[in-house]
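Structure first, then comments.
Quick note: the coordinates plus some simple rules give every number you see, no bench work behind them. These figures come from a predicted structure and were not determined experimentally. Please note: Cβ atoms are built from the backbone with ideal geometry, for glycine as well, and neighbour counts cover all protein chains shown.
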């Protein structure tokens, strides 16, 4: 046997070996490929992970920026912290170099607002950058994001080679500054990064704009305050200067009268009296103008003290008695035993009563003048007892036209009145202002030839009544009712009285029930107390601004679900939405747009509109009140024709129909209504006291959902029946109503 | 007869009021500003001071505080003459230590009533 001879079994083994080697090789290759695939897979997963992490980092940085933008810190501090937040992104952190520039008011250039890790030489050369100059100035001039790769930019003013992003800070298209961040020299432009930088720039622009406007407002307020103070000082000095010579005129004419009488020259006395009375009239005018201007300027203070009402009435009556006697009038004073004590401004109350009484004396001859005081319980919207002071005369009275102008300054009933009756024409104006100042009101009733009654209704405790209206600016306003009446319930938060008034009047006309708040704090209180269907919120308010109010609302579970519509002169939509506002409208508010927005939330939340067709006013009222409790919007019509007219212009979700009505009864209404297109979508509930005949039923059959008999049982049961029928006949629109229905 | 110190800077008002008070039988001493008013109050020891509030050198508010802070003059009643009632001067005058106030232009009978009341008050050791 030679060594190179291979026996058949060995050959088999060798073949087997080769086979195995082959297999091993194949499987090793497969393993390598598999491993490669696994590695690739892992890399992909790592990429996904990284992307997710990046996204989370972007979101958390933007959130932190938003939070920061609401903090009440100096602007420098805020810009530095904002810049640090931006630079904390991983792709910026290795350098952490950047700056925020602020645009100058005249638009001529940029000034350095904040920087991090910039070389000192650079800080000095960039402290002011002209528009178009350098990279930042270029981005500012173009108002576009600029990216420069490191390779294309030599290190300047002591910096190592780097790339940079320059992002303009734009607010409503106006340049407010530039955000500059440096990147590594080899860094490539990336759209995700740009997105982040643009979002951060938006937030920064919003903050800068907001602070700019707040500062402008502050300056304007300061200037207005200074002007107001100057006016008050001028008036005070002026009135003093005018009074001094008047003192002499009045005083010497009085002395001369005494002298003339002593010297037996009585014929001189009437002329001297004329000088004296003209002087006194002039003095009254000066005093009244001063008082009025002080009230108007908000500089009339109240001196509150506690006193017995009966004492004031006695006191005032004693003062006015000679005046009453002059025109052969009689004075009748009555003070209820319950009138008790008042905490108020005694001087102003006396002055107000004297004004009303002297007015009554002037316009009454051989008649009666009555002075009445009583205590009354608080009405809706008032807190605490009221004291009611009435001054009634049987004088010449006034026409409705005269009544309409009665509290306006310098308007007496007619120009001749002043000559005939004297007086300043300011007494009633001042009286009305004093009443409002004390948190009360004055009203007047009069008929020509019959007489006039002025009624003052004042808080028994002025100090308590004044507390909710903490700001003196609110004192001039009649206190708004702090409760809703019907319709969609809307809370308007705005510090500006005119804006509140406009919104209230406009929206009330559109069927909304509006309650207003003059400050953020008040708004929050009312939101919690009344839980309105929606809130409109002004952004720029002194003290607690709209952003802070919005944040507080959204952090409070009790009110977080109320949709908030932000109203602002500044366009910062993104910030509004980020903080949870549902809509963002810019001022001046477009009314149609506001209505459309409100309508959206009305439809989403409220069950809908019910039209109550009924000739009996009392029944209409009852039905309305009950349905409104269920948050329906209710419209009323007193007969079929009025209902059809209303339906021409509006949509009802359900109609409650009486049958027996004048002009157009329920039967005719149903006939006409069903002839119209689209009538089928509106369910009709007939609510009637009529015993229906078969013929009646036939006429209505198929067209009405349900017939309810009224008068068959008690009010409450009837009303509940109506409510339940309305609930199940009408498919509720909102999820809330559905849930209620299921519960029911 | 009681001695009245009238502190008033306006010549006509000073002349008029002093003559009218003299006619009613008062012994009237005059001062033209707050500083002189305080000096005269010490020298003359009047029974009552009629003090205008807007005075040069030392104004009436400050003069009233000084007069009421000094043991020598504390007991002398002061009637402040202020601009007019509505402006809050009344409270300020009483806060400055005045015993009463009246408004200009003077209604003599009313001022005389106030003077008579303060002069008849028993706790006035400064009386002659």
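If you take all C-alpha pairs in the stretch A:305-466, what percent of them are over 28 Å apart? The calculated P(r) of the stretch A:305-466 puts 18 percent of pairs beyond 28 Å.
Stretching residue A:76 away from residue A:278 to a fully extended chain increases their span by 66.3 nm, per 0.36 nm per residue minus the current alpha-carbon distance. In plain terms, the residue of A:174, A:399, A:394 with the fewest other Cβ atoms within 10 Å comes first and the most crowded comes last, giving A:399, A:174, A:394.
Per the Cα gyration tensor, the stretch A:332-412 maps to an equivalent ellipsoid with semi-axes of 25, 17, 13 Å, ordered largest to smallest.
How long are the semi-axes of the equivalent ellipsoid of the stretch A:286-379, defined as square roots of 5 times the Cα gyration tensor eigenvalues? Whole Å, largest first.
That gives 24, 21, 11 Å for the three semi-axes.
Computed over every Cα-Cα pair of the stretch A:232-288 and binned at 10 Å starting from 0, the pair-distance distribution P(r) comes out as 24, 43, 22, 10, 2 percent.
Computed from the Cα positions only, the extents of the stretch B:3-120 along the three principal axes stand at 35, 32, 29 Å, in decreasing order. Across the stretch A:1-53, counting alpha-carbon atoms alone, Rg and Dmax equal 22.2, 74 Å.
Multiplying the residue separation of residue A:271 and residue A:128 by 0.36 nm and subtracting their alpha-carbon distance yields 43.7 nm.
Going from the fewest other Cβ atoms within 10 Å to the most, the residues A:707, A:369 appear in the order A:707, A:369. Mean per-residue shielding of peptide A:246-256 is 5, counting Cβ atoms of other chains within 10 Å of each Cβ. Over the stretch A:110-201, the fraction of Cα-Cα pairs per 5 Å bin, rounded to whole percents and listed from the shortest bin up, is 3, 14, 24, 27, 21, 10, 2, 0. Full extension of the segment from residue A:332 to residue A:314, taken as 0.36 nm per residue of separation minus the current Cα-Cα distance, would add 5.4 nm.
Counting every other Cβ atom within 10 Å of each residue's Cβ, A:586, A:609 order from fewest to most as A:586, A:609.
Cα-based values for the stretch A:216-316, radius of gyration first and Dmax second, are 20.6, 71 Å.
Counting Cβ atoms of other protein chains within 10 Å of each residue's Cβ and taking the mean over peptide B:103-111 gives 4.
What the Cβ-Cβ distance of residue A:690 and residue A:649 gives, at R0 = 30 Å and to the nearest 0.05, is a FRET efficiency of 0.55.
The calculated Kirkwood hydrodynamic radius for the stretch A:31-155 is 17.5 Å, given to one decimal from all distinct C-alpha pairs.
Using only Cα coordinates, the Kirkwood hydrodynamic radius of the stretch B:1-67 works out to 11.6 Å.
Taking 30 Å as R0, compute the FRET efficiency from the Cβ-Cβ separation of residue A:90 and residue A:44 and round it to 0.05.
Calculated value: 0.90.
At a Förster radius of 41 Å, what calculated FRET efficiency corresponds to the Cβ-Cβ distance of residue A:509 and residue A:343, to the nearest 0.05? That pair, residue A:509 with residue A:343, gives E of 0.60.
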